[in-house]
Amino acid sequence: MYCIAGIIINNKQLPTIRERIDHLKMKLWTTSSNYLANQAESFIFHESEIRSDNTNIISKRPEYIIFHQNRSNKRKVIEEIGNIIQDEKLTILGAIENQTQVENNYQITRDSYSSYYLCLKSIVENYCAFLRQNHSHGNIILESRKNQNSTIQDQRTRKIFNKILVNGTLIYSALELQQTIYYIKFIQKQENDVGLQIADFIPRPLLLNYSSIPQSKPSIYQKIRKARYNGPDIANVYPSKFGVCIFD
């Protein structure tokens, strides 16, 4: 399975969302440990590590000991992420490719590059539809995957994005895309971007639902499902076409 998913945030919403995230961090760490408020705000929510019961994570993130000492802290984080998505009416965009099914159906071999291209192209197209519907423009922010030795992952992603904007899609011309989506930006996890931290909680519930696997508890899938982009035609609801596209 391959999935890319995230949220659409209006710049005007960022101060409120950042305040809610910072308040949650202070509530978790200053009441559960000896951390100061400014230290708590610098910690980063990472979905897989918060959900994990592997105590080895603490060696890398010692502040995550609060999630092992008190499991209710995990619930507080995950539920508040869901509440923010719901309360702020954030819109979900995503795409899932069942690589095995696509390979069988089309008699080809899939890799992460080809799957990323397909999924990102779908998201760019639907993001463009959302922005045009709202008479606006926007940018795409992704979590950087560069490491100490290489930036090749980010370079490849930028190449895919630029290729989409230069060639257009089946729906939008290159000019229509370029008039609506201005640029792509990569932010590293340690930069503590609130949008990326919320977006980190989106792919897993979508993949579990597609795979008919029970949701991890606590689950925010229902809030994510309701937040999927419905498409420009407000008289109908097409979240499976515009919100989270499935390729299988």
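Values computed for the structure shown
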| quantity | calculated |
| --- | --- |
| In nm, spacing of pseudo-spin labels at E191 and I213 (7 Å Cα→C-beta vector) | 3.0 nm |
| Gain on full stretching of the segment that runs from Q178 to R61 - 0.36 nm per residue minus C-alpha separation | 38.1 nm |
| Kirkwood estimate for the chain, i.e. one over the average of 1/r between Cα atoms, Å | 19.3 Å |
| DSSP beta bridges in the chain [antiparallel fraction, %, rounded to 5] | 40 percent |
| Lys, Arg +1 and Asp, Glu -1 on Cβ, resulting dipole of region 21-146 about Cα centre, debye, nearest 20 | 180 debye |
| Positive-pole candidate from G168, G195, Y183, dipole of region 92-248, charges at beta carbon | G195 |
| Neighbour net charge for L196 - beta-carbon separation under 9 angstrom, K R +1, D E -1 | -3 |
| Neighbour net charge for N98 - beta-carbon separation under 13 angstrom, K R +1, D E -1 | -2 |
| On Cα atoms only, tilt of 14-32 relative to the major axis of the chain in degrees | 30 degrees |
| Normalised contact order of the chain, rounded percent, pairs of Cα under 8 Å and 6 or more residues apart | 30 percent |
| Candidate aspartates and glutamates - alpha carbon under 20 Å from K60, same-chain residues fewer than 8 apart omitted | E41, E47, E49, E143, E191, D193, D200 |
| Among S211, T30, Y106 - extreme Cα towards positive end, dipole of the chain, charges at beta-carbon | T30 |
| Per residue, in Å², the accessible surface of the chain once ligands and nucleic acids are set aside, probe 1.4 Å | 54 Å² |
| Using distinct alpha-carbon pairs, which all enter the 1/r mean, Kirkwood radius of region 39-81 in Å | 10.6 Å |
| Between helix 72-87 and the chain: long-axis angle, C-alpha atoms, 0 to 90°, nearest 10 | 40 degrees |
| Spatially proximal lysines relative to K159 (Cα-Cα < 20 Å; intrachain offsets below 8 disregarded) | K121, K146, K185 |
| Net charge, I184 excluded, C-beta distance under 10 Å - Lys, Arg +1, Asp, Glu -1 | +1 |
| Accessible surface of the chain [probe 1.4 Å, protein heavy atoms]: carbon and sulfur percent | 47 percent |
| 3J(HN,Hα) from dihedral phi, region 151-164, Karplus parametrisation 6.51/-1.76/1.60, rounded to Hz, x for glycine, proline | 10, 4, 5, 5, 4, 5, 5, 4, 4, 4, 4, 5, 4, 5 |
| Approximate spin-label separation S136-L36, in nm, with each point projected 7 Å along Cα-to-Cβ | 3.7 nm |
| Over region 1-143, relative contact order from alpha-carbon pairs under 8 Å, at least 6 apart, % | 34 percent |
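The values are calculated or read from the model by the stated rules, or taken from the named source; none is laboratory data. Because the structure is a prediction, the values reported are computed rather than measured. A quick note on method: Cβ atoms are made from the backbone with ideal geometry, for glycine too, and the neighbour counts reach across all protein chains shown. Remember, those area values only see protein heavy atoms, side chains included, never the ligands or the DNA or RNA. Shrake-Rupley method; radii C 1.70, N 1.55, O 1.52, S 1.80 Å.
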